Amino acid sequence: MQKDDIIRLQHMLDAGREAISFIANKVRNDLDNNRMLVLSLVKDIEIIGEAANKVATEVRDKYANIPWEDIIGMRHHLIHGYFDVDIDIVWDTATKDIPPLIAELEKIVSSDKK
């Protein structure tokens, strides 16, 4: 795997871990009263999507169990549809989608270091 791909995967992993740290001990309603939390989650999800978009097609094909197009599509919506962000989807992404993504990325990054 190319060094740039490893760096992008690590960026995805770091942003995912950060997003999870932001929601530790939080519930969905916390987003209604904490704009900083919303913006922090949105930014990390954007970073994950931007990095995913830069990962080589060959790497994405090799790890087809990662929903690359969904991740990239979410990034595009957050960036270009900033006026129409559904906070429930942001919460679901952070709580349901990011943890398994982290697990997959940890496997990939750790196997590449061997």
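Considering region 1-21 alone, what residues qualify as being free of Cβ contacts under 8 Å to residues at least 60 places away in the same chain, part of a helix (DSSP H, G or I) and either aromatic (Phe, Trp, Tyr) or within 18 Å of Ser110 (Cβ to Cβ) (or both)?
Our first condition is that a residue be free of Cβ contacts under 8 Å to residues at least 60 places away in the same chain; within region 1-21, this holds for 2-5, 7-8, 11, 14-15, 18, 21.
Filter once more, keeping what is part of a helix (DSSP H, G or I): 3-5, 7-8, 11, 14-15, 18, 21.
Scanning region 1-21 gives Lys3, Asp5, Ile7, Arg8, His11, Asp14, Ala15.
Return the residue satisfying two criteria in turn: it lies in region 23-42 and is in contact (Cβ under 8 Å) with a residue 24 or more places away in the chain and assigned to a helix (DSSP H, G or I), and of such residues it is surrounded by the most Cβ atoms within 10 Å (Cβ to Cβ).
Leu41
Looking for something surrounded by 10 or more Cβ atoms within 10 Å (Cβ to Cβ), part of a loop (DSSP other than H, G, I, E, B), at negative phi and not β-branched (Val, Ile, Thr) - is there at least one such residue anywhere in region 73-80?
no
Does Ile98 count as touching a Gly at 6+ places or on another chain (Cβ under 7 Å) and in a helix (DSSP H, G or I)?
On the way: touching a Gly at 6+ places or on another chain (Cβ under 7 Å): yes; in a helix (DSSP H, G or I): yes.
Yes, satisfied.
Output yes when any residue across region 100-110 is exposed (fewer than 11 other Cβ atoms within 10 Å of the Cβ) and farther than 25 Å from Ser21 by Cα, and no when none is.
Scanning region 100-110, I find no residue that is exposed (fewer than 11 other Cβ atoms within 10 Å of the Cβ) and farther than 25 Å from Ser21 by Cα, so the answer is no.
Collect the residues in region 56-72 that are exposed (fewer than 10 other Cβ atoms within 10 Å of the Cβ) and either in a loop (DSSP other than H, G, I, E, B) or of a type in the set (Phe, Trp, Tyr) (or both), keeping them in residue-number order.
Those that are exposed (fewer than 10 other Cβ atoms within 10 Å of the Cβ) and either in a loop (DSSP other than H, G, I, E, B) or of a type in the set (Phe, Trp, Tyr) (or both): Ala64, Asn65.
Read-outs: derived from the displayed coordinates by stated rules, not from any lab. All figures in this text were calculated on a predicted structure; none of them were measured in a lab. Here the Cβ is made from the backbone with ideal geometry for all residues, glycine too, and neighbour counts use every protein chain on show.
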